[in-house]
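J.: Here it is, the structure in full.
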Amino acid sequence: MPVSREFLDFLLDQLSALGSVSVRRMFGSAGLYQDGRMFALVSGENRLYVKADAMSRARFEAAGCRPFTYAVAGRPDVIMSYFAPPETVLDEKDELLAWARLGLEAAARIPEKHLRKKGVITRAS
């Protein structure tokens, strides 16, 4: 099931204080980007997942956040570095912004060289 346009519009409205956030649809899900860096993922179940890294992962785990996983035929589930923040964040804009900022910070720590290699950022960006 693809992400609903209504849910994406809701998230973009809630995250407007962050500045320009764009959406790229992919495989029934959607990525939320700022300045060419993906900081959040929205699953086909309309569930938000925020990027975590070595510096922020403990905060997600301490809050009981679960990672985004997907199945690959014949292998165990693939675990990604995106975690679902507490469901209550959707009811509190400031709390949602705080979790989203963690994702932005984690995305900003990815070396630009790594992003160029993956084709996320081009030299003109």
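Where a number appears in this text, it was derived from the coordinates with a stated rule and is not lab data. Since the structure is predicted, the reported quantities are computational estimates derived from the model, not experimental observations. We place every Cβ from the backbone using ideal geometry, glycine too, and count neighbours over all the protein chains shown.
J.: Show me, for region 28-35, the HN-Hα J-couplings you get by feeding each phi into the Karplus relation (A = 6.51, B = -1.76, C = 1.60, θ = phi - 60°), rounded to Hz, glycine and proline as x.
T.: Coupling constants for region 28-35: x, 10, 8, x, 9, 10, 9, 6 Hz.
J.: Classify region 16-63 as rounded, prolate or oblate, taking a ≥ b ≥ c as the square roots of the eigenvalues of its Cα gyration tensor: rounded when a/c is under 1.5, otherwise prolate if a/b is larger than b/c and oblate if not.
T.: Oblate shape, in that a/c is at least 1.5 and b/c is the bigger or equal ratio.
J.: Separate question: Using only the alpha carbons of region 16-106, determine the length spanned along each of the three principal axes and report them from longest to shortest in whole angstroms.
T.: Between the extreme Cα coordinates on each principal axis of region 16-106 lie 42, 30, 24 Å.
J.: Points 7 angstrom from Cα along the Cβ direction at Ala58 and Glu45: gap in nanometres?
T.: 2.9
J.: Suppose R0 equals 22 Å; then what is the FRET efficiency for Ser20 and Asp77 from their Cβ-Cβ distance, rounded to the nearest 0.05?
T.: Values: r = 33 Å, r/R0 = 1.50.
According to the calculation, E is roughly 0.10.
J.: When the dipole is taken about the Cα centre of region 71-116, and only Lys, Arg (+1) and Asp, Glu (-1) are charged at their Cβ, what size is it in debye, to the nearest 20? Present the calculation step by step, with values, prior to reporting the outcome.
T.: Numbers: 6 positive and 8 negative charges, 97 e Å.
Once rounded to the nearest 20, the dipole reads 460 debye.
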